[in-house]
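The values are calculated or read from the model by the stated rules, or taken from the named source; none is laboratory data. Since the structure is predicted, the reported quantities are computational estimates derived from the model, not experimental observations. FYI the Cβ positions are ideal-geometry reconstructions off the backbone, even for glycines, and counts take in every protein chain you see. Heads up: the accessible areas ignore ligands, DNA and RNA and are worked out on the full protein's heavy atoms, side chains in. Shrake-Rupley method; radii C 1.70, N 1.55, O 1.52, S 1.80 Å.
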Amino acid sequence: MIVPIFGFYGLGLLLLLCAFSANASSSFGVRVDEVIDGDTVKAVSDAGRLMRIRLAGIDCPESDQPWGASATQAASVYMERKHGVVEEIGQDRYGRSIGRVFVDGVNMNRALVSDGHCWAYTRYVKDKVLFELQDQAEERQSGLWGLTDAEPVPPWEWRRTR
């Protein structure tokens, strides 16, 4: 009688572990070769895998949008030609890895929002700290929040009108 009960609980535990591991992220080293725009980079993993990484939970201005070039430049200064760690949390519909990028232990997703280069991407954000950092950047008038010649328009709204 003990074996079937253990088997039932063992199966439940196995299913729970599988569900957890399906949502777990994986971490690995990368060298960022190129910043495509403020929230997307080309990188090579330490294992030699070429990849595009979309920074999770943030959305930077498009290149033809006010502050777009500045966001890309900031991301280049922060990450380009540097070694870091990616916490990959999934893939998007374009086949890009979605993740958090760390350079010298600093979360680049958070740094870009904190310095006013990007928005917390409300539709996809899981890191709620991004909202606090965005509010603080707006209060300080940092980055795009200090624009005087144009009202900041979130990129998801900008894309919808194009």
Yes or no: Lys128 modelled with pLDDT of 95 or more, open to solvent by 70 Å² or more (accessible area, probe 1.4 Å) and touching a Lys or Arg at 6+ places or on another chain (Cβ under 8 Å)?
no
Residues (among the charged types (D, E, K, R), buried (at least 20 other Cβ atoms within 10 Å of the Cβ) and either within 21 Å of Ser63 (Cα to Cα) or over 11 Å from the mean Cα position of the chain (by Cα) (or both)) located in region 100-124
Arg110
Take Gly143 and decide whether it is closer than 13 Å to Thr40 by Cα, of a type in the set (Gly, Ala, Ser) and buried (at least 18 other Cβ atoms within 10 Å of the Cβ).
no
Can you pull out every residue in region 44-76 that is among the acidic types (Asp, Glu) and surrounded by fewer than 22 Cβ atoms within 10 Å (Cβ to Cβ)?
Asp46, Glu62, Asp64
Kindly check whether there is at least one residue in region 35-43 that is modelled with pLDDT of 95 or more, open to solvent by 30 Å² or more (accessible area, probe 1.4 Å) and either hydrophobic (A, V, I, L, M, F, W, C) or touching a Leu at 6+ places or on another chain (Cβ under 8 Å) (or both).
yes
Quick check: anything in region 55-77 in contact with a strand residue (DSSP E or B) (Cβ under 8 Å, 6 or more places away or on another chain), touching a residue at least 12 places away in the same chain (Cβ under 8 Å) and of a type in the set (Phe, Trp, Tyr)?
no
Mind checking which residues of region 62-87 are among the acidic types (Asp, Glu) and within 20 Å of Thr161 (Cα to Cα)?
Glu62, Asp64
